[in-house]
Amino acid sequence: MSLSEFGSILFWIVILTVIIAAITITIVYWRSRKSNNNYLENKEFKLRYFIQKQVDFSGKTIGYECLLRQQNANSTWSLPSNLDSLPLQRVVFLLENTFESLPTEPITLSINLEYNQIISSDFQYFVRWAISKIEPMKLSVEYTPGQAKHFQNKYLFEKRIREAQNYGMEFSIDNVGSDSKDLKDIEWMLPFIDNIKCSMRNFRKEDPTIWLDLNLQSWNKIAKENNINLILMGIEDENDAALAEQLNIKTRQGYLFGHPQNPQKEVTDNHEK
């Protein structure tokens with residue numbers, strides 16, 4: 001090997017080393033920024049799960065949905081942002097007290113999780129823990145579509161869901177809408193979806209000339225063709241309830257049946273009485 005050849009090889013080794021170092025620094029910096037921005041890990045932010053009941057066509061309570069809320073400076077509660085930054089370990093901590101206030105009935109408890117939480121290595125532990133805590137209630141993990149850009153790994157997502165379903169968990173898609181994209185986002189999941197949830201607010205038309213790619217009847221048909229249970233949310237009055245009855249949608253949720261409640265407040269109130 002000549003001196004010039006050796007020098008050329010050494011040059012490319014140096015270039016490759018610099019590139020690897022730059023990539024490593026970028027990854028470390030990105031993870032550090034992500035960790036610093038993960039504000040939901042900060043225990044100074046007061047978070048709590050509220051519950052809202054689900055009923056069947058006869059008005060009987062058949063389930064509850066756990067809704068995460070963050071306390072504001074004026075003591076009101078609102079939906080926090082960046083839900084996927086909440087570690088499952090803290091979800092477990094927050095749900096401990098919520099579970100204590102729930103009835104011990106063979107009905108369904110729904111919890112909404114994000115993509116990063118579902119593909120987490122802690123997901124299987126979370127599912128087993130939740131099922132053991134809420135028995136004889138059944139567990140339904142819900143995912144809200146419209147985040148297709150997050151699906152870097154569809155295989156892992158499906159694997160996590162199917163493994164959890166083997167423990168008895170149900171998988172639900174939350175808040176599908178009237179746009180054809182809503183169906184496109186979840187079409188690949190249809191074989192392993194147990195429930196699809198539609199909200200009335202996505203299908204109300206102030207202008208009758210507005211065209212909806214998908215209406216409630218469309219989702220009803222898709223659900224039946226794929227042996228999926230359809231749940232209608234956002235039922236606010238008797239007209240909404242009548243539509244659910246007309247479409248034979250058995251599971252219903254909305255303000256007509258009750259607003260989300262702070263279960264810990266109810267427990268405190270009962271102790272004071």
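The values are calculated or read from the model by the stated rules, or taken from the named source; none is laboratory data. Being a predicted model, the structure only gives us computed values, none of them experimental. In this analysis, Cβ positions are derived from the backbone assuming ideal geometry, glycine residues included, and neighbour counts consider all displayed protein chains.
Here are the numbers for the structure shown:
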| read-out | value |
| --- | --- |
| Residue match in the range 242-253 (condition: among the basic types (K, R), in the same structural domain as D56 (by TED's automatic domain parsing) and without any contact (Cβ under 8 Å) to a residue 24 or more places away in the chain) | no |
| Residue in the range 178-191 that is under 15 Å from the mean Cα position of the chain (by Cα) and polar (S, T, N, Q) present | no |
| Test result for N202, modelled with pLDDT under 85, within 26 Å of P191 (Cβ to Cβ) and either surrounded by 15 or more Cβ atoms within 10 Å (Cβ to Cβ) or assigned by TED's automatic domain parsing to the domain that holds M189 (or both) | yes |
| Filter pass, A242 being outside any loop (DSSP other than H, G, I, E, B), exposed (fewer than 13 other Cβ atoms within 10 Å of the Cβ) and hydrophobic (A, V, I, L, M, F, W, C) | yes |
| Residue count, the range 143-159 (criterion: over 12 Å from M189 (Cα atoms), modelled with pLDDT of 80 or more and not aliphatic (A, V, I, L, M)) | 2 |
| Test: P145 is touching a strand residue (DSSP E or B) at 6+ places or on another chain (Cβ under 8 Å) and under 24 Å from K53 (Cα atoms) | yes |
| Yes/no for S178 being out of contact with any helix residue (DSSP H, G or I) (no Cβ under 8 Å at 6 or more places or on another chain), modelled with pLDDT under 90, surrounded by 12 or more Cβ atoms within 10 Å (Cβ to Cβ) and among the hydroxyl-bearing types (S, T, Y) | no |
| Residue count for the range 114-165, restricted to those that are more than 19 Å from I228 (Cβ to Cβ) and aliphatic (A, V, I, L, M) | 8 |
| Pairs with Cβ under 8 Å, 6+ apart, first in the range 226-241 and without any contact (Cβ under 8 Å) to a residue 12 or more places away in the chain, second surrounded by fewer than 19 Cβ atoms within 10 Å (Cβ to Cβ) and among the basic types (K, R) | none |
| Tally of residues being surrounded by fewer than 19 Cβ atoms within 10 Å (Cβ to Cβ) and under 22 Å from R252 (Cα atoms) across the range 184-198 | 4 |
| Any pair with Cβ under 6 angstrom, 6 or more apart, that starts in the range 60-71 at a residue that is within 13 Å of S140 (Cα to Cα) and assigned by TED's automatic domain parsing to the domain that holds F99 and ends at one that is among the hydroxyl-bearing types (S, T, Y) and assigned to a strand (DSSP E or B) | G63/T108; E65/S110; C66/Y49 |
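To keep it simple, each residue is scored yes or no on (1) crowded, with 18+ Cβ neighbours inside 10 Å; (2) at positive phi; (3) modelled with pLDDT under 90.
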{"site": "I19", "(1), (2), (3)": "no, no, yes"}
{"site": "D56", "(1), (2), (3)": "no, no, yes"}
{"site": "Q71", "(1), (2), (3)": "no, no, yes"}
{"site": "L94", "(1), (2), (3)": "no, no, yes"}
{"site": "V127", "(1), (2), (3)": "yes, no, no"}
{"site": "K133", "(1), (2), (3)": "no, no, no"}
